[in-house]
Amino acid sequence: MPATAAKTVSVKLDQETRARIEHLAETHRRTAHWVMREAIQQYLEREEKRESFRQDAINAWEEYQETGLHVTGDEVSTWLDTWGEENEKAAPICHK
């Protein structure tokens, strides 16, 4: 089956949700089908980014536990305070 092939899926929605979708579709001069597909696409993208961020945090925590390497909040703040200045400091180096 080609990657672009679409398959019909049924979703049971209460009357209030259907009315909201239909109203939004009408307002945006789109079909209810388009609104639902757009909503699902945006939800998937948002949740995938959230999961990626969560996994990055887990990986960073595991790396810290293994190595002990870190920078303090004060070190980061001091560095960020110099951004855009003539004497901008280099990023702090991780240490134990």
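Rule-based calculations on the coordinates, nothing more; no lab input. The model shown is predicted, which means the values in this text are computed figures rather than measured ones. Positions of Cβ are backbone-derived with ideal geometry, glycine not excepted, and every protein chain shown enters the neighbour counts.
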Just to be sure I follow: if Rg is taken over the C-alpha atoms of the chain and Rh is the Kirkwood radius over the same atoms, what is Rg/Rh?
1.27
So what's the back-of-envelope 222 nm ellipticity for the chain, counting only DSSP H runs of four-plus at -39500 (n - 2.57) apiece and dividing by all residues, rounded to 500?
-20500 deg cm²/dmol
Using θ = phi - 60° and the Karplus relation 6.51 cos²θ - 1.76 cosθ + 1.60, list the HN-Hα couplings for segment 73-81 in order, rounded to whole Hz, with x at every Gly or Pro.
x, 5, 5, 5, 4, 4, 5, 5, 4
Taking Cα atoms, the helix 32-67 axis meets the longest principal axis of the chain at an angle in degrees (rounded to 10) of 20
Might you report the magnitude of the Cβ-based charge dipole of segment 15-67 about its Cα centre, with Lys and Arg at +1 and Asp and Glu at -1, to the nearest 20 debye?
520
Can you tell me the 0 to 90 degree angle between the C-alpha axis of helix 15-27 and the longest principal axis of the chain, rounded to 10?
80
